[in-house]
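Written below as structure tokens is the structure these notes are about.
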Amino acid sequence: MKNYKDKVVETAEFLRARIEKLPQIGLMTGTGLGESTKSLDISASFEYKDIPHFPTSTVESHSGRLLFGSMQGKQIITMQGRFHLYEGYSPLEVSFPIRAMQELGVKILIITNAAGGLNPEFNPGNIMIIEDHINLTGSNPLIGPNEENWGIRFPDMINAYDQKLGTYAEKAGKDAGIHLQKGIYAGLKGPSLETPAEVRFLRTIGADAVGFSTIQEVITAVHAGLKVLGLSTITNVHDPDTPVPATVEEIIAVAKQAAPMLEMVIRNVVGNI
């Protein structure tokens, strides 16, 4: 039976043999945000199910395709759809694509998600530059034996989100006439949405947005030595004093409406890298 690293290497070799140029930048899109990749000049496309050892996405609005191509003169690998702990995947499975990117030589990861707003100054449709995160999933992809060739045993997370890339994103927003928020992302396991008491707790500990993804991938990327830019699309804003139920359909609709703005920001950031 193949071990985890052997599977990652085999996946990377499968992809390397089928693409013309190796990617420099990885792009991972979240719920309803698959359209944020429109600027990509696609040279190769793979269904997740056709890639050896690759997990498959089971969530609505996650199309499950891996794209290779160019954007602003840079070679990009793009995930349309990701994997979540709440689907039953392990932290290693959730972060498997990041390891494949690492094996392919990717140095920068742009990761997007749809998140619930906790900061009362946020509005649905806002885009938030993630400055830091709080891991409340109870999981970590680095648990277990450390693969020394991938990274050190105890990676420092003080600069998990690259400040220079965040500055590029802020400038990209200004150039496009979009005011980007900045804040801290809290990652939960899900899939149940937050209670009003949990929203109060999350606000108290300093979180500005909350979601069910991103954390495992970012920890893995930091361990792998990748520079990370995180962007959250705020799909709804929680008010614990007057709670309003949120539906997946509404969340996806807001994310899709914001996708063109997110695409402009990503395109400009890539152009500045």
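The values are calculated or read from the model by the stated rules, or taken from the named source; none is laboratory data. The structure displayed is predicted, hence computed values, not measured ones. When we count neighbours, we look across all protein chains shown, and the Cβ atoms used for this are built from the backbone with ideal geometry, even at glycine.
In table form, for the structure just shown:
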| read-out | value |
| --- | --- |
| Which listed residue, of 70, 95, is surrounded by fewer than 19 Cβ atoms within 10 Å (Cβ to Cβ) and among the small types (Gly, Ala, Ser) | 70 |
| Options 130, 111, 134: the member that is under 30 Å from residue 239 (Cβ atoms), in contact (Cβ under 8 Å) with a residue 12 or more places away in the chain, more than 13 Å from the chain's Cα centre (by Cα) and not in a loop (DSSP other than H, G, I, E, B) | 134 |
| Residue in region 34-49 that is surrounded by 17 or more Cβ atoms within 10 Å (Cβ to Cβ), hydrophobic (A, V, I, L, M, F, W, C) and either at pLDDT 95 or above or more than 20 Å from the chain's Cα centre (by Cα) (or both) present | yes |
| Residue check for residue 101: among the aliphatic types (A, V, I, L, M) and modelled with pLDDT under 95 | no |
| Long-range neighbours under 8 Å by Cβ, at least six apart or interchain, first residue over 21 Å from residue 111 (Cβ atoms) within region 187-212, second at pLDDT below 95 and among the β-branched types (Val, Ile, Thr) | none |
| From the options 222, 199, 218, 237, residue that is hydrophobic (A, V, I, L, M, F, W, C), under 19 Å from residue 114 (Cβ atoms) and under 17 Å from the mean Cα position of the chain (by Cα) | 218 |
| Subset of region 74-89 (residues that are free of Cβ contacts under 8 Å to residues at least 40 places away in the same chain and surrounded by fewer than 19 Cβ atoms within 10 Å (Cβ to Cβ)) | 87, 88 |
| Of the criteria (1) part of a helix (DSSP H, G or I); (2) at pLDDT below 85, which one residue 239 fails | (1) |
| The one condition in (1) modelled with pLDDT under 95; (2) surrounded by 15 or more Cβ atoms within 10 Å (Cβ to Cβ) that residue 133 fails to fulfil | (1) |
| Residues located in region 93-108, provided they are farther than 17 Å from residue 56 by Cβ and in a loop (DSSP other than H, G, I, E, B) | 105, 106, 107 |
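Here is a yes/no grid of residues against (1) out of contact with any Ser or Thr (no Cβ under 6 Å at 6 or more places or on another chain); (2) over 30 Å from residue 149 (Cα atoms); (3) crowded, with 24+ Cβ neighbours inside 10 Å; (4) small (Gly, Ala, Ser):
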{"residue": "192", "(1), (2), (3), (4)": "yes, yes, no, yes"}
{"residue": "195", "(1), (2), (3), (4)": "yes, yes, no, no"}
{"residue": "199", "(1), (2), (3), (4)": "yes, yes, no, no"}
{"residue": "202", "(1), (2), (3), (4)": "yes, yes, no, no"}
{"residue": "206", "(1), (2), (3), (4)": "yes, yes, no, yes"}
{"residue": "221", "(1), (2), (3), (4)": "yes, no, yes, yes"}
{"residue": "225", "(1), (2), (3), (4)": "yes, no, no, yes"}
{"residue": "229", "(1), (2), (3), (4)": "yes, no, yes, no"}
{"residue": "235", "(1), (2), (3), (4)": "yes, yes, yes, no"}
